[in-house]
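The block underneath contains the structure these notes are about, expressed in structure tokens.
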Amino acid sequence: MYEFGFTRPTSVADAVAAMGEEDAQALGGGQTLIPTLKQRLAMPVTLVSLSGIAEMQGIQSGDGQLVIGGATRHADVAAGAGAYPALAALAGGIGDPAVRNRGTIGGSLANNDPAACYPAAALASGATIVTNLREIGADEYFQGMFTTALEDGEIITAVRFPLPEAANYQKFLQPASRFAMVGVFVAKFADGVRVAVTGASEEGVFRWGEAEAALSANFTADAISGLSVPADGMIGDIHGSKSYRAHLVGVMTKRAVEAAA
Ligand SMILES: Cc1cc2nc3c(=O)[nH]c(=O)nc-3n(C[C@H](O)[C@H](O)[C@H](O)COP(=O)(O)OP(=O)(O)OC[C@H]3O[C@@H](n4cnc5c(N)ncnc54)[C@H](O)[C@@H]3O)c2cc1C
């Protein structure tokens, strides 16, 4: 590790001011950032911890939506997002207890790891990412592996999830890391079904439009029996080939639909 400054503001306004300093970087739960610093892949001058900002903590529901503060830990979402059971279950399946007790929803969405779970939930739900500057729809927010619409210094203060009629997340996990080899989140709304896939594509999280159309017409696993995603563009690595991941997308989508229905 190298020497760096550390500040722990208690308001979003103070955090934004601290982020305005040269080479300052937000610190959520540190589950991704601290190992990155240890390897010196990032060397911010100052870490701005978001963990002391009360207005970025907690979960509220009402008016058909669930709003989660950007610094809310996975363990708190697992325990407190009862209004959206599929999301609570997803949070409870992230990593291990140590990761869930430190990692935050804002950190996960800002990082946008191609195998992370929250991006699938946010995209399938049509969530809104709320920052200190603006509100960003999930369809615009995710822009490829580790890439988002966030500008330098922009802080995710909350995430707003519309509550679906039915939803489920199925993760085929990589047993060592517990990240998704393929994860599929299916959400059924009055005006249609959204399907988002994580872990599979070289482009990061994506919507499977063909399955969405079929499931919007007929919300059963049979409706997508003849459908598949192309292996081209899928991730291929020591854990699974491109065609294996493409196959898993279909399998996990069917399981998610069966569980949701
Ligand atoms: C062993 C292990 C297993 C894991 N398994 C899973 C898994 O199964 N599924 C899964 O989804 N994830 C998994 N993770 C990742 C975990 O969910 C992390 O919590 C997450 O990637 C980063 O969140 P964090 O709060 O720790 O962010 P940090 O590590 O603190 O920060 C990550 C990045 O986000 C930025 N940032 C943090 N908070 C904000 C904010 N509010 N606004 C803007 N930028 C911000 C930071 O500047 C940094 O660039 C795993 C991690 C580990 C170590």
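Give the ranking of Glu202, Glu22 by solvent-accessible surface, highest area first, calculated with a 1.4 Å probe. Mind showing how you got there, number by number?
On the way: Glu202 90, Glu22 150 Å².
From most accessible down to least: Glu22, Glu202.
Here Lys254 is the anchor, and the lysines within straight C-alpha reach of less than 16 Å, apart from those fewer than 8 places off in the same chain, are Lys171, Lys188.
Across all directions, the average flat footprint of the convex hull enclosing the Cα atoms of segment 56-162 is 6.0 nm². For the chain, the mean residue ellipticity at 222 nm estimated from helices alone is -8500 deg cm²/dmol, where every DSSP H run of n ≥ 4 contributes -39500 (n - 2.57) and the total is divided by all residues, rounded to the nearest 500. Measuring spread by the Cα atoms of segment 12-99 yields a radius of gyration and Dmax of 15.1, 45 Å.
Accessible surface for Lys38 stands near 130 Å², nearest 10, in the context of the full protein assembly shown (1.4 Å probe). With the convex hull constructed from alpha-carbon coordinates only, segment 5-48 shows a mean projected area of 2.9 nm² over all directions.
Taking 16 Å as the straight-line reach from the Cα of Lys242, the aspartates and glutamates in range (excluding those fewer than 8 positions away in the same chain) are Glu202, Glu203, Asp232.
State, as an integer percentage, the relative contact order of the chain based on alpha-carbon contacts under 8 Å between residues 6 or more apart. Walk me through the numbers on the way to the answer.
Numbers: 593 pairs, mean separation 39.1, N = 261.
Result for the chain is 15 percent.
How far, in degrees from 0 to 90, does helix 242-260 lean away from the longest principal axis of the Cα atoms of the chain, to the nearest 10? Result, in degrees: 80. With 33 Å as the cut-off, how large is the P(r) tail for the chain, expressed as percent of Cα-Cα pairs? Pairs farther apart than 33 Å: 18 percent. The gain in end-to-end length when the Gln65 to Glu203 segment is fully stretched comes to 46.8 nm, 0.36 nm per residue minus the alpha carbon separation. In this structure Met234 has an accessible area near 10 Å², from a 1.4 Å probe over the protein heavy atoms.
Length available on full extension from Phe4 to Val251: 0.36 nm per residue minus the Cα-Cα distance, which gives 84.3 nm. Rounded to a whole number of µm²/s, how large is the Stokes-Einstein D of segment 145-261 at 4 °C and 1.567 mPa s, given Rh as the Kirkwood radius over C-alpha pairs? Translational diffusion coefficient: 86 µm²/s. Rolling a 1.4 Å probe over the protein chains gives Thr147 an accessible area of about 60 Å².
The values are calculated or read from the model by the stated rules, or taken from the named source; none is laboratory data. Note that the structure is predicted; figures quoted are calculated from it, not measured. Side chains included, ligands, DNA and RNA excluded: accessible areas come from the protein's heavy atoms. Shrake-Rupley method; radii C 1.70, N 1.55, O 1.52, S 1.80 Å.
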